[in-house]
Amino acid sequence: MIKVTDLTKVFPNPDGTEKTAVDHVSFEVQPGEIYGLLGPNGAGKTTSLRMISGLLKPTTGKVHIDGINVTDQPENVKRQIGYLTANTGLYARLTPHEVLLYFATLYDIQRAAAEQRVRQLADWLGMHEYLNLRCGALSTGQKQRTSIARALIADPPILVLDEPTLGLDVLSNRLILEFIRTQADAGKAVLLSTHALDEIETMCRRIGLIHNGRLIAEDELTNLRTRTGKARLSEIFLDLVGATDSVFAEEVTR
Amino acid sequence: MNRLSRINTIWRKELLDTLRDRRTLIAMILVPIVLYPAMILGSLQGFELQVSKLQQEEYTVAVLAEPVRAWLRHVIDTDPARQPGATEDMPAEELVEKAAAGELAEDEEPELTDKASPGEAAQAGVRRAPPDYNIEVIKDPNQLAARILDGSVHVGLVLTSPPPTADGTDTAEVVLYLDQTEIRSQMAASGLDGIFQRVADDLLRQRLKREQLDESFVIPVAVQQETVATPERVGGSILGQIVPLILIVMTITGAIYPAIDLTAGERERGTLETLMVAPVPTVDLIAGKFVVVALIGMLSAALNLISIGGTVYLGGLGQLLSRGGDVVIPIGALPWVLVVLIPLAVMFSALLLAVCSFARSFKEAQNYVMPVMVAVLIPATVGVLPGMRLEGPLLVMPVTNITILTRDLFTGRFDIVAILWVTLSTTLYAGAAVAVAAKLFGQEAVLFADSGSIKTIFQRRFFKRSDSPGTAQALLLMAAVFSLNFFLQQALLGGGEVGTLEYWLGIASVLILLFLLVPLGAAWYSRVRITPAFSLRGPPLMGILAALCFGLSTWILAQAWAVFQRDWLPMPLQMEQLFELMVARLNDTSPWAMVFFMALVPAFCEEFFFRGYALSGSRRTLGKWPAILLVGFAFGVFHFSIHRLVVTSVLGVLFGLLVVQFRSIWPAVLAHLLNNGIFVLATREDGLRPALEGLGYGVNDDGLPHTPWIIAAGALTLAGFLLCMLVPDRRVATVTDVPEET
C-alpha cells in the first residue's frame, strides 16, 4: 500500500531561486486498486513517482510503502516496488533475457527461479520471439514490454507505472493495459501516471489531478462527474483547472 | 545478497556490455594490434627509404680554386671507405690499413640494406660509405654562402693552407661551410668529415713512420669507458625511461572510453534511472563499474605493451634504441610490469570515474577528462626524470611513485618495502577517488537532468551545513597537501639558502598556507562548521593535564629513541649535515625565533590540519581508533623522513588521542608546542639548558638521556595516556553527507 503525506520537492536553481516541483501532495493507493495520476507535462507527476520509488529524497513530507518510510529504508522499499520509468532505457547491447536476469540477480532472485520468472513474464507479454535479440534492435512496443517485464521481475506488491503506453500501437497498448488490469486483480497496488484520458477512464476508479505541483482534485471518477456536471474527463479537467488556463487546456484536450 | 556478490554481478554485466561495444573493441584491440605496429614499421621504413635515397644522391662541393678541386677529387676517389670490400662496421684505421695492404677483395660486396631488418638498416644508414661528390669551382668567395643557402651547392670547402703532405709537419686547415638546417647539406658535410678523418689518420701514421715514432707517441693517455651494467640492465634503463609513460597513456586511453560510457553514457541513454530503481546502493554500482574500467585499462595497456614490445623486438628496433651498444631487453621484468599495471589502472580508473560521474553526457565527460590527463602526466613525467629515486616522500607521491617503481623494476631494482608503500598509498588514493565518484554519481541533480542544475553541486550555498568534512574529502585534501608540501619544501631547499631566516620564513609560510589556510578554506567552502570540525572547544582541565604530561615527557623519549634507532637505522651523513645546517643559523638568533619557527608555527598549523580537519573527516566513517592511527601515521609520513617516521607517528597518535578524548584541539596544540619547544631549547645555553642541568638532566656520550630521566618520562607519558583513557567514550552524532542540495 502506498501512503503519500504532504510530499514536497523543491529544486534549487543556480541563480539562487527555487522551483517547487511538487507541492504538499497527499494520497493513498490500496492493494488491488489502480490509481490514476493525471496532469500535463511538467506538472510534477514524474517527480512525485521518483520520490515514491526512493530515487529522489523529498524536501518535506513522507512516503510510506507498507508502513516503511522510503527515506529511512530506500533499499527495502525499492524491493517492494516495480517502477516503470518514463523514459525507460534498456541496455542496447544486451538481450531482454540478459537484462531480465541481471535485474533478477540485483533483487536476490536465484538463477533457477529467475529463469522461470522470465519464462512466465515472456508468456504473459508475448516476448518469446525476441527474448534473445539485442534490445537495441527491438521496436518501441517490444522495448516497452521488456521494460514492464523488468519492473515485474521480482513480483513486487506495488507497481508504479510512468506513462506505460506512451508511443505504443493499438495492439501493444491493449495488451499492456490488460496485463496491468490482471496485476491489480491479483491484489497489487498500481499507481498509474498518464496523459491518455481514455485509459484513465477505463482503468481507474479513483484519480488524482496534478497541476503546477499541486494535487488540485482527488476523487472517484463518478464523484468528479457529479461535482462538475461534465461527463467527459477532458471537460472535467478544464472545469477544475479553469478554462482560462489555456496551456493546460491545450495539453489535456489534445 | 551480500555486497561482494552484488558488485560481482554488476561488474560482470558491465564487462559483457562493454565488450559488446564495437568502439571499445576498436580502441582496445584494433588500435594496439594493428595500428601501432603498422605505424612504427611504416615510419621506420619511410625513414630508411629516405636515408638510402639521400645516400645515393650526388652532392655538390664548391671550392674556390682549380688546384683545390683536383686535390679534393683525388682525396675523395682514393678514400679507402669507397673501395670495394670495405664493410660498414669496419673502423677507419682498419680500412686504411687494409687498403694499404691490398687486402680488400674485389668480390666482397658491402652488405645490402634490404637484407637487414629495418631497425638495423636505419641504424647502419648513418655509417655507410660516403656519398658521391661533384666538385664545382666558384671564383667569387662572396657567392659561396648564397649558393649553399639556395641549395645549388651543398657544402663549401675552403683550404686556408697548402694541402697536407706526409713529408711536412704542418697542419692543413680545411673549413667546411654548410647549412645546418638542410639535411642534404649536413649529409654532404658529414661525409666529407669522415673522408678527412681517414686522410688525417693515414697521414699521421706515415709521418710517425718517417720520424720512427710509435703511435703511442701521440696518444699519451688513452681513456676508455667500460660499463659494468649487464646488457639486461642497459636495456631496462632505456625501456624504464619510455615504458612508464607509455603505460600511463595506454591505461588512460583504454579506460577513458568505458569510464565515460558506464557513467555519463548510461545517464545519456536513460538506463541509469532504470538501474537506480533496483535495490542497490550507489557505492556498489560505482564499485562494479570501477572494476570493469580498471580491467579494461589494464587489458588495453597490456595489449599495447605486448604489441609495441613485439614490434620493437621483431622489427629490430632494439638496436636503434641502443645506438649500437650491447643491449638485451629484460624479458624477466615484464611480469613485474604487468603487476605495476594494477595500481596504475586502479588509480586512473578511480580518477576517471570520479570526473565522469558528474557529467551528464558523453561530450561533457570528454571535456572533463582532458584536464585530468594533463594533471596526471605532469607528476608522471616528474617520475621519469633522471636521478629520481623511489625513497622518502616520493614513495607515497601520487602517480610519481608508480612511474619510478616501474622504471626501477625494469633495471632490476626490486624493493618489496617500496612496492608495499606504493601499493598501499595508491590503494588509499584510489579508494578516496571511488568514494568521491560514488558521492557525485548519486547526486539527484546529476541523476536527473530535470532535477535542478548541475552547478548546484559545486556552489557553496548548496552545500549542507555539517560538523565535519567527508572522509573522502579529508583524504583527498591530505594527498593534495602532501604533494604540494613536498614540492614547495624542495623548492625552498633548492634555493641554496638553507637555514637562513628567509628559509625559515618560507617554511613557516608554507605551513601556514597549506596546513592552516587550505583546510580552513576547504571547510568554509563546503559549509563545514569550523568549531566542531577543528574541535575548537575550550579544553577541559583534565585535557590540559594530559597535554602537560605528554608535552613535558615525550621529547626525552624521542631523544632516547633516536639514539636507540641510530644503531640499526643510521642517518646518512648528508642528511645529518643538512639538518644541522638548517638549525645552525637559528642557533645564532634569539631562542624565541627558534621556538617560533620550530614549535609555535608547526604546533598550530599541523594540529589544525591533522587533528582538526583530517581527524574529524576520517572519524566520520572510519571510527575512532582507525582514524587516530591513520592520521597519526599520515602525520609521520608528512615529515618526509624514514628516520623520524616512528617518533612522529607515535606523537601523531598521542595528539590525536588527546583531541578525540577531550573533544578539543588545544591540548594537542599545547603538547605539540611543549614537545617541540623543549626539544629545541634543551641544548641552548640561552635556552633551557642551564635550567635542565640545574635539575640534574644530562645526556651520556651517545646523546642518550640519563636513565632516571627516561624512566620518569616514560611514567609521565603513561600517566598522560591513562588520563586520556579515563574519559568516558562519547558517541559522535554522524552527519549526513555533504555536498547536498538544500
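Of the residues examined, A:LEU7 is one that is among the aliphatic types (A, V, I, L, M) and in a strand (DSSP E or B). Figure legend. Inter-residue proximity from segment B:523-535: first residues closer than 14 Å to B:ALA614 by Cα, second residues among the β-branched types (Val, Ile, Thr), beta-carbon distance below 8 Å, spacing 6+ or different chains. Indicated pairs: B:ALA523/B:ILE530; B:VAL528/B:VAL738; B:PHE534/B:ILE665; B:SER535/B:VAL659; B:SER535/B:ILE665. Restricted to segment A:30-58, and to residues there that are closer than 22 Å to A:ARG181 by Cα and among the β-branched types (Val, Ile, Thr), the residue that is farthest from the other protein chains (Cβ to nearest Cβ) is A:ILE34.
Scanning segment B:261-315 for residues that are in contact with a Phe, Trp or Tyr (Cβ under 7 Å, 6 or more places away or on another chain), surrounded by fewer than 22 Cβ atoms within 10 Å (Cβ to Cβ) and away from chain A (no Cβ under 14 Å) yields B:VAL291, B:SER307, B:ILE308, B:THR311.
So which of A:LEU166, A:LEU161 is more than 9 Å from chain B (Cβ to nearest Cβ), within 26 Å of A:HIS195 (Cβ to Cβ) and surrounded by 19 or more Cβ atoms within 10 Å (Cβ to Cβ)?
A:LEU161
Looking at segment B:101-124, is at least one residue surrounded by 15 or more Cβ atoms within 10 Å (Cβ to Cβ) and modelled with pLDDT of 50 or more? No: segment B:101-124 contains no residue that is surrounded by 15 or more Cβ atoms within 10 Å (Cβ to Cβ) and modelled with pLDDT of 50 or more. Any residue that is within 12 Å of chain B (Cβ to nearest Cβ), in contact with a helix residue (DSSP H, G or I) (Cβ under 7 Å, 6 or more places away or on another chain), among the hydrophobic types (A, V, I, L, M, F, W, C) and farther than 22 Å from A:LEU168 by Cβ - is there at least one of those in segment A:14-29? Within segment A:14-29, one or more residues are within 12 Å of chain B (Cβ to nearest Cβ), in contact with a helix residue (DSSP H, G or I) (Cβ under 7 Å, 6 or more places away or on another chain), among the hydrophobic types (A, V, I, L, M, F, W, C) and farther than 22 Å from A:LEU168 by Cβ. Looking at B:VAL312, B:VAL291, B:VAL223, B:VAL277, just one residue is in contact with a strand residue (DSSP E or B) (Cβ under 8 Å, 6 or more places away or on another chain) and either within 30 Å of B:THR169 (Cα to Cα) or assigned by TED's automatic domain parsing to the domain that holds B:LEU447 (or both), and that residue is B:VAL277. Looking only at segment A:59-98, which residues are in a helix (DSSP H, G or I) and either aliphatic (A, V, I, L, M) or more than 10 Å from chain B (Cβ to nearest Cβ) (or both)? Within segment A:59-98, A:VAL77, A:PRO96, A:HIS97 qualify.
Please verify whether B:TYR368 is at pLDDT below 80, in a helix (DSSP H, G or I), aromatic (Phe, Trp, Tyr) and more than 19 Å from the chain's Cα centre (by Cα), treating the condition exactly as stated. In short, no.
The helices (runs of 4 or more DSSP H) found entirely in segment B:1-90 that carry 3 or more residues being surrounded by fewer than 17 Cβ atoms within 10 Å (Cβ to Cβ) and within 14 Å of chain A (Cβ to nearest Cβ) are B:3-19, B:22-25.
Residues are listed down the side, and each one gets a yes or a no for (1) over 21 Å from B:PHE362 (Cβ atoms); (2) of a type in the set (A, V, I, L, M, F, W, C):
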site	(1), (2)
B:TYR177	yes, no
B:GLU182	yes, no
B:VAL223	yes, yes
B:ILE238	yes, yes
B:ILE242	yes, yes
B:MET250	yes, yes
B:ILE256	no, yes
B:GLU266	no, no
B:LYS289	no, no
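Somewhere in segment A:70-82, is a residue free of Cβ contacts under 8 Å to residues at least 24 places away in the same chain, in contact with a Lys or Arg (Cβ under 7 Å, 6 or more places away or on another chain) and not small (Gly, Ala, Ser)? Within segment A:70-82 (the criterion being free of Cβ contacts under 8 Å to residues at least 24 places away in the same chain, in contact with a Lys or Arg (Cβ under 7 Å, 6 or more places away or on another chain) and not small (Gly, Ala, Ser)), the answer is yes, since at least one residue qualifies. Specify the residue that is farthest from the other protein chains (Cβ to nearest Cβ); the eligible residues are those in segment A:99-130 that are more than 25 Å from A:ALA184 (Cβ to Cβ) and surrounded by fewer than 20 Cβ atoms within 10 Å (Cβ to Cβ). Here the residue is A:GLU129. Note on segment B:226-285: residues that are at pLDDT below 80 and of a type in the set (D, E, K, R) amount to 2. Residues in segment A:99-115 that are assigned to a helix (DSSP H, G or I) and under 13 Å from B:SER5 (Cα atoms): 3 in all.
Taking the stated definitions as given, is A:LEU221 surrounded by 17 or more Cβ atoms within 10 Å (Cβ to Cβ), modelled with pLDDT of 75 or more and of a type in the set (A, V, I, L, M)? Judged against the criteria, A:LEU221 is not a match.
Has segment B:216-230 got at least one residue that is over 30 Å from B:MET347 (Cβ atoms) and of a type in the set (D, E, K, R)?
Keep residues of segment B:216-230 that are over 30 Å from B:MET347 (Cβ atoms), which gives B:216-230.
Now drop any that are not of a type in the set (D, E, K, R), which leaves B:226.
Yes, the conditions are met somewhere in segment B:216-230.
The helices (runs of 4 or more DSSP H) falling completely within segment B:209-316 include none with 3 or more residues that are without any contact (Cβ under 8 Å) to a residue 12 or more places away in the chain, farther than 25 Å from B:LEU377 by Cβ and out of contact with any Lys or Arg (no Cβ under 9 Å at 6 or more places or on another chain).
Which members of segment B:703-730 meet the condition of being part of a loop (DSSP other than H, G, I, E, B) and either surrounded by 12 or more Cβ atoms within 10 Å (Cβ to Cβ) or on the phi > 0 side of the Ramachandran plot (or both)?
Keep residues of segment B:703-730 that are part of a loop (DSSP other than H, G, I, E, B), which gives B:703-704, B:706, B:727-730.
Once the filter is applied, which keeps residues that are part of a loop (DSSP other than H, G, I, E, B) and either surrounded by 12 or more Cβ atoms within 10 Å (Cβ to Cβ) or on the phi > 0 side of the Ramachandran plot (or both), segment B:703-730 yields B:GLY703, B:LEU704, B:HIS706, B:VAL727.
Scanning segment B:328-365 for residues that are of a type in the set (Gly, Ala, Ser) and crowded, with 17+ Cβ neighbours inside 10 Å, we see that the one that is modelled with the lowest pLDDT is B:ALA333.
Being within 16 Å of the chain's Cα centre (by Cα) and touching a residue at least 12 places away in the same chain (Cβ under 8 Å) is the requirement here; does A:ALA149 meet it? Spelling it out, A:ALA149 is indeed within 16 Å of the chain's Cα centre (by Cα) and touching a residue at least 12 places away in the same chain (Cβ under 8 Å).
The values are calculated or read from the model by the stated rules, or taken from the named source; none is laboratory data. Source: prediction; values computed, not measured. Neighbour counts are summed over all protein chains in view; Cβ atoms, including those assigned to glycine, are modelled from backbone coordinates with ideal geometry.
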